[in-house]
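**Student:** Before anything else, here's the structure in question.
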Amino acid sequence: MSNPSTAAPPAKTGAEFTHRQILTVLGGLMMGMFLAALDQTIMATATRTIADDLHGFNLQAWATTAFLITSTISTPLYGKLSDIYGRRPFFLFAIGIFVVGSMLCGLSQNMYELAAFRAIQGIGAGGLMSLALVIIGDIVPPRERARYQGLFLAVFGTASVIGPILGGFFAGADTLLWVDGWRWVFYLNVPIGVAAMIVVARVLHLPHQRTDHRIDWPGALSLIVGLVPLLTVAEQGRDWGWASGRSIACFAVGVIGIVAFIFAERAYGDEALLPLRLFRNRTVAVGATSSTILGMAMFGGLMTVPLYLQIVKGSSATQAGLQMIPFVLGIMAGSITAGQLIAKTGRYRIFPIIGSTLMLIALGLFATIGADTPLWRTMLIMVIMGLGLGGNMQPMITAVQNAVNPREIGVATSSVTFFRSMGGTLGTAIFLSVLFNVLPGKIRDSFSAAAATPDFQAALKAHPDQAQTLQQVTSNGNGDLSDTSWINNLTDVLAHPFKAGFSDGIQVVFLMAFAIMVVGLIVVFFLPEIPLSQRSAQQQRADDILAAENSNGVPGEVGAGPREDKVNT
C-alpha cells in the first residue's frame, strides 16, 4: 500500500490555478454573465414599448416580479446543488433554461403570458450570476480577486453600452423579418446563449469531489409557498384591497410557508438549503441583511429611472438606455477602486460603509427631481448612485466568502445573492405598486393646478383634437396607464401636467428607498473586519484533505469541521 502522504502533493497542485487557467475559466463565466447582463440592459429600455404594445403598462410589474421571484428562489438551490454535484452542469443548465425562457417570451401575446415566460427565464438567471461569483471564489484568493475584476466589469460595461442601443433599435422597429421588433429583445438571447453553452462546455472544467448529501426539498418547497403569496400580495394588494379576503389568504399562506421553511432548515441542519448555523456568523448575518436592503433600494428605486427618462423627459428607448450609462460608469469606477484598494490593503469594511453613504445621498437627491429638473443633474445623481453600488456589492461578497468554511462557499455566496434578489423582488413589487397607487391622485392634482393657467387653456383651444384625446384618457383623473404612448401626441403644455404628476409619484418611491437605505447604512457598521485569505477555496479544500490524511492516515473529507476563527468572529 502506498504511503498516503505521497498523494498529497498532486491534490494540492491540482487545486492551484495558473493565471492562464484562471483566464480560460473566466472566459466561460463571462459568456454566461454577458447573457444575463445584456438581458437586463435591453429590458430596461424596451419595457415601456413592450408593455404598451401588449396593452399592459400598468401590469409591467408582473413581468418584472415573476422574473425576480423565480430567480430569487432558484439562487440558493444552485448554490447548494453545485456544492454537492459540481458547478459546471448547473451553470450549463442555467444557460439552457434561460434560452428556453427567452424563446417563449418572444412568443408572448399579452402581459400575463410574458410574466409566465419571464418566470421560466428567471429560473436560469438565478444561476448565471450566483454561480459565476461562486466559481470565482473557488479559484481566486480574496486578496487577488481585484486582479480579475476588471474583466467582469468589462462585460457589464459592454452590455450596458450595447444593450440600450439594441433595446432601443428593436423596440423602435415595427417589424424585423416579419416579426414585431420588440420580440427580438428575447430572440437575441438564443444565439448568444447557444454560443455561451459551447464555450462553457469546452473551458469550464473544475476539480470536484462528490459528496453525498440529502437535498433539502422540503425547504425549497416551503420557501416557494412562503414567498410567492407574499410577493403576489405586494404587487396586487392595491387592487385587491389590503384587507380583502384574497390579501389575507396570501398573508396567511405566506406566513405558514416561512414558518415551515424555518422548521425545515432546523431539521436538515448543515444540509439545509440555507443552513441557519451560517447566520450565527456575524459577517454572513450582516451580509444577508445588508444585501436585502441594498436590493430593495437598488432594484426598487432604479426601476423608476428609465420610466422617468422616457415618460417625463420624452426620451426614446435608445436614448433612455444611453442616458443610464453614467450609472454604469459609476458602478465600474466604484467597484474597480474598491477592488484595487482591497488588494493593496487587505481591508474591506470601509467600502460598504462609504458605498451605503453615497447611495443614501443619491436617493435623497433623486427624491428632489421633477418634470423640469435638468437632465445633467439627474445623470450626475446616477454617477453617485453607481459609485455607492460599486463600493458595496463586490466587497460584501468577498467578505462573506472569506468568512466561511471553503466547503460552504457556494451556499454562503448564493445566500447573500438570494437575499439581495429577495430585497430586489420586494422592492420592485412594493415600489411599483406604490407608484401606480399614488399616480392617479398626483396626476389629478397636477391637471387641476394647470387647468386654471392661461397657457393651458390657450393650448386646449389651439389643439381641439388633443383636447379631446386628453379628455378621453383623463376622464377618471388619472390618465390611461395601460398605454402611455398617447403622451407623445400632445404638445409640451398639455403633456406637462401628466409629466409633473408622474415625477411627483416617482419622488414618493425614492423617499421610501431613502428611508430603507438609512437602515442599510446602520447595518453595515456591524460588519466585522477579518484578515483576507491568501488562498482560494479550492486550495483551502485541498489543504483540508491533506491535513486530514496526515493526521488520520486515511483520506480526509473536504473541508471537514468549521473554521472557528472565521465562523465565530
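**Student:** Among the residues in the stretch 316-336, are any free of Cβ contacts under 8 Å to residues at least 24 places away in the same chain and touching a Phe, Trp or Tyr at 6+ places or on another chain (Cβ under 9 Å)?
**Tutor:** no
**Student:** Which members of the stretch 444-466 meet the condition of being in contact with a Ser or Thr (Cβ under 7 Å, 6 or more places away or on another chain) and closer than 11 Å to Pro497 by Cβ?
**Tutor:** Phe447, Ala459
**Student:** Out of everything in the stretch 41-62 that is farther than 22 Å from Ile162 by Cα and at pLDDT 80 or above, what residue ends up being surrounded by the fewest Cβ atoms within 10 Å (Cβ to Cβ)? Break it down into steps so the answer makes sense when it comes.
**Tutor:** Start the filter on the stretch 41-62 by keeping residues that are farther than 22 Å from Ile162 by Cα, which leaves 52-62.
When the remaining residues are screened for being at pLDDT 80 or above, the result is 53-54.
Working: Asp53: 18, Leu54: 21.
Here the residue is Asp53.
**Student:** For Met379, are the conditions met, namely being under 17 Å from the mean Cα position of the chain (by Cα) and assigned to a helix (DSSP H, G or I)? Steps first, please.
**Tutor:** Working: under 17 Å from the mean Cα position of the chain (by Cα): no; assigned to a helix (DSSP H, G or I): yes.
Considered against the rule, which asks whether it is under 17 Å from the mean Cα position of the chain (by Cα) and assigned to a helix (DSSP H, G or I), Met379 comes out as no.
**Student:** Continuing with the same structure: Return the pair list, or none, for Cβ contacts closer than 7 Å from residues in the stretch 251-278 that are β-branched (Val, Ile, Thr) to residues that are in a helix (DSSP H, G or I), at least 6 apart or on different chains.
**Tutor:** Val253/Val225; Val253/Pro229; Ile258/Gly226
**Student:** Let me ask something additional. So Ser244 passes all but one of these: (1) in contact with a helix residue (DSSP H, G or I) (Cβ under 6 Å, 6 or more places away or on another chain); (2) surrounded by fewer than 18 Cβ atoms within 10 Å (Cβ to Cβ); (3) not charged (D, E, K, R). Which condition number does it fail?
**Tutor:** The failed condition is (1).
**Student:** So which residues in the stretch 356-366 are hydrophobic (A, V, I, L, M, F, W, C) and touching a residue at least 40 places away in the same chain (Cβ under 8 Å), if there are any at all?
**Tutor:** Answer for the stretch 356-366, where residues must be hydrophobic (A, V, I, L, M, F, W, C) and touching a residue at least 40 places away in the same chain (Cβ under 8 Å): Met359, Leu360, Leu363, Phe366.
**Student:** Right, here's the next one. Taking only pairs six or more apart or across chains, which ones have beta-carbon atoms under 9 Å, a first residue in the stretch 27-46 that is closer than 13 Å to Val185 by Cα, and a second residue that is not in a helix (DSSP H, G or I)?
**Tutor:** Qualifying pairs under 9 Å: Leu38/Leu188; Asp39/Leu188; Thr41/Met324; Ile42/Leu188; Ala44/Met303; Ala44/Met324; Thr45/Ser316; Thr45/Met324.
**Student:** Residues being under 30 Å from Gly287 (Cβ atoms) and not in a helix (DSSP H, G or I): count how many of those fall in the stretch 402-456.
**Tutor:** Of the residues in the stretch 402-456, 2 are under 30 Å from Gly287 (Cβ atoms) and not in a helix (DSSP H, G or I).
**Student:** Could you please let me know if Thr292 is closer than 30 Å to Ile381 by Cβ and either surrounded by fewer than 21 Cβ atoms within 10 Å (Cβ to Cβ) or of a type in the set (Val, Ile, Thr) (or both)?
**Tutor:** Answer is yes for this residue.
**Student:** I would also like to ask the following. Any residue at all in the stretch 270-289 that's closer than 18 Å to Ile430 by Cβ, in the same structural domain as Pro374 (by TED's automatic domain parsing), part of a helix (DSSP H, G or I) and not aliphatic (A, V, I, L, M)?
**Tutor:** yes
**Student:** A follow-up question, please. For the subset of the stretch 300-347 comprising residues that are more than 24 Å from Leu494 (Cβ to Cβ), buried (at least 19 other Cβ atoms within 10 Å of the Cβ) and hydroxyl-bearing (Ser, Thr, Tyr), which member is modelled with the lowest pLDDT?
**Tutor:** Thr318
**Student:** Of all residues in the stretch 367-376, how many are in contact (Cβ under 8 Å) with a residue 40 or more places away in the chain and assigned to a helix (DSSP H, G or I)?
**Tutor:** Qualifying residue count for the region: 1.
**Student:** Within the stretch 420-471, track down each residue that is crowded, with 21+ Cβ neighbours inside 10 Å, polar (S, T, N, Q) and at pLDDT 80 or above.
**Tutor:** Passing the criteria: only Ser446.
**Student:** Of all residues in the stretch 93-141 being under 17 Å from Leu68 (Cα atoms) and among the polar types (S, T, N, Q), which is surrounded by the most Cβ atoms within 10 Å (Cβ to Cβ)?
**Tutor:** Residue satisfying both the conditions and the ranking: Ser130.
**Student:** Quick one: is Gly287 buried (at least 23 other Cβ atoms within 10 Å of the Cβ), within 30 Å of Ile369 (Cβ to Cβ) and not hydrophobic (A, V, I, L, M, F, W, C)?
**Tutor:** Taking the combined requirement at face value, the residue does not satisfy it.
**Student:** Run down Ile224, Ile215, Ile248, Ile262 and say which single residue is assigned to a loop (DSSP other than H, G, I, E, B), out of contact with any strand residue (DSSP E or B) (no Cβ under 7 Å at 6 or more places or on another chain) and either within 30 Å of Ala403 (Cα to Cα) or not assigned by TED's automatic domain parsing to the domain that holds Gly520 (or both). It would help to see each step written out before you state the result.
**Tutor:** Working: Ile224 fails: assigned to a loop (DSSP other than H, G, I, E, B); Ile248 fails: assigned to a loop (DSSP other than H, G, I, E, B); Ile262 fails: assigned to a loop (DSSP other than H, G, I, E, B).
Every option except Ile215 fails the conditions.
**Student:** Please pick out the residue among Ile258, Ile262, Ile192 that is at pLDDT 80 or above, within 20 Å of Ile120 (Cβ to Cβ) and surrounded by fewer than 20 Cβ atoms within 10 Å (Cβ to Cβ).
**Tutor:** That would be Ile192, the only listed residue that is at pLDDT 80 or above, within 20 Å of Ile120 (Cβ to Cβ) and surrounded by fewer than 20 Cβ atoms within 10 Å (Cβ to Cβ).
The values are calculated or read from the model by the stated rules, or taken from the named source; none is laboratory data. These figures come from a predicted structure and were not determined experimentally. Cβ: placed from backbone, ideal geometry, glycine included. Neighbour counts: every protein chain shown.
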